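Below: one structure, written as structure tokens.
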Amino acid sequence: MRHKGRARAVAAAMTAVVVVGPTSGCSSHDTAQDDETREHYCSALGTWQRTKARSENADVAGYAALAAARRLDREGLDRSGSHVLQDTALAVDTADTAAEGRVASYCTDAGFETYVR
């Protein structure tokens with residue numbers, strides 16, 4: 001009889017570990033990985049800005065910035081309701097300076113102000 005009570009207690013404890021274990025301490029993103037993704041985006045954006053400023057063919061750099069913006073969007077790393085993907089597309093595709101300013105501000109707020117203009 002003792003074994004049945006003890007077995008139930010162990011089973012209940014194991015169930016709690018299985019249920020609580022994966023949810024406690026599990027976040028949707030690793031902070032270091034988030035920072036790396038933001039840094040990559042800001043680096044790509046800054047490369048596009050520098051290429052554009054030198055009047056070089058900025059298409060490849062623009063595509064790289066858009067790809068990095070898509071990754072930010074897919075991973076939900078826009079901060080405070082920013083629209084990084086939309087603003088990056090507007091900046092790269094239509095030379096929208098206001099949109100470029102907003103994405104540069106995103107990088108500044110993320111701590112990567114030295115990457116962008």
With every protein chain in place, segment 44-117: carbon and sulfur % of accessible area (1.4 Å)
50
Note to self: with every protein chain in place and a 1.4 Å probe, segment 40-117 gives an accessible area per residue in Å² of 54
Give the Cα extents of segment 75-117 along the principal axes, in whole Å, largest first.
26, 23, 14
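The values are calculated or read from the model by the stated rules, or taken from the named source; none is laboratory data. Remember, predicted model here, so these are calculated numbers, not experimental data. For the accessible areas, the whole protein counts, side chains as well, though only heavy atoms, and no ligand, DNA or RNA atoms are used. Shrake-Rupley method; radii C 1.70, N 1.55, O 1.52, S 1.80 Å.
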